[in-house]
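Bear in mind that the values in this text are calculations on the coordinates, not laboratory data. Everything numeric here is computed off the predicted structure, so don't read it as measured data. All Cβ positions, even for glycine, are placed from backbone atoms using ideal geometry, and neighbour counts span all protein chains on display.
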Amino acid sequence: MGLKTHLVVIDPQNDFMDIPAAPADPVGLALPDGTRFRSTLPVPGALADMNRVATMIGRLGRRLGRIHVTLDSHRVIDVAHPAFWQDGDGRPPPPFTMITHDDVASGRWSPRNPAWQSRMLDYTAELARAGKFVLMIWPEHCLIGSWGHNVADNLRVALASWERDNCATVDYVAKGTNIFTEHYGALLAEVPDPADPSTQLNRDVIAVLQDADLIAIAGEASSHCVATTVRQIVDHIGDRHLPKIHLLTDCMSPVPPSPGSPDFPAIAEQFVHDMAARGVVLTTSDALLA
């Protein structure tokens, strides 16, 4: 029996791709300098990253035993979207606003549904206690059923070809459907909801990955969903499995910083450094199984 190689691609969706908007395209994000993207939350370099993943899938073919793709999956009303919140005048926060526990306690920002106030006080307090990212309001992204939720075209074609050629199915793993918690990591929400199994540790994925001989990981963004997902895998898979994890460093990019935000590229660099220190292998799409 050959090497059991699994590929994990984290959130390779259109809304994270740096796809320029053509003149007739709907515009997801427009920058002050006039640059227009069809995507609502583009990560610089993401489209090229996913093109490299697609090329690698074509090169490796049946040597890839299983492919897992995580899908960020949100609703318009979501704790990290503007429509969930309002200020004292009823106005929503602009994208890239950070909301702290003190902001909620003081009434600077409140959930539009007053019944959610206590829950948001608890939520933001738990984020701070656990040392998680401060709640960031993102542009509406990866809305279920939208173009932005779809897998980037070049990668989608490569995945479909792999399925046909190998009579196999890609394992799609949804995350983020609970409107009351962020869900950067594919295996566990930022603040799990005891009443919602989708926010709790996904032990099924852990068990499947434990059975692999080699786990290659790519996706977006290296500062957020990739970093959080990989840290969750490393924390739960067991130390003896760590050397079989291979990070494809040329197939992931960080979210750029916004005014007042943390240095997300530096967070991504620290993540890669930390994983190497844990024994995770750093490699590239060209070098994997070359």
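Structural remarks
- Using θ = phi - 60° in the Karplus curve 6.51 cos²θ - 1.76 cosθ + 1.60, the 3J(HN,Hα) couplings for region 9-24 round to 10, 9, 6, x, 9, 4, 5, 9, 7, 7, 9, x, 8, 6, x, 8 Hz; x is entered for Gly and Pro.
- Placed amide H near Trp109: partners under 5 Å, 5+ positions off or other chain: Val104
- Measuring r between the beta carbons of Asp196 and Val134 and using R0 = 22 Å, the FRET efficiency lands at 0.45.
- Nearest-ten-degree value, helix 153-166 long axis tilted from longest Cα axis of the chain: 40 degrees
- Here the Gaussian network model covers the chain, with springs between Cα atoms less than 10 Å apart; of Pro197, Pro42, Pro139, Pro197 fluctuates the most.
- Residues Met136, Met120, Met17 in ascending order of nearby Cβ atoms (within 10 Å, fewest first): Met136, Met120, Met17.
- Cα gyration tensor shape of region 82-136, rounded if a/c is under 1.5, else prolate or oblate by comparing a/b with b/c: oblate
- Taking the chain as a Gaussian network of alpha-carbon nodes connected by springs under 10 Å, the highest mean-square fluctuation of the residues Glu126, Glu140, Glu190 belongs to Glu126.
- Contact order relative to length of region 105-184, as percent, for alpha carbon pairs under 8 angstrom and 6 or more apart: 12 percent
- Helix axis angle, 46-60 relative to the chain longest principal axis, alpha carbon, degrees: 20 degrees
- In degrees, nearest ten, helix 225-237 long axis to first principal axis of the chain (Cα): 60 degrees
- Within the chain, antiparallel bridges make up roughly 25 percent of the DSSP beta bridges whose residues both belong there.
- Relative contact order (percent, whole number), region 1-128, Cα cutoff 8 Å, 6+ residue spacing: 21 percent
- Residue among Thr55, Thr35, Thr249 with the largest mean-square fluctuation in a Gaussian network model of the chain, springs linking Cα atoms under 10 Å: Thr35
- Relative contact order (percent, whole number), region 82-136, Cα cutoff 8 Å, 6+ residue spacing: 35 percent
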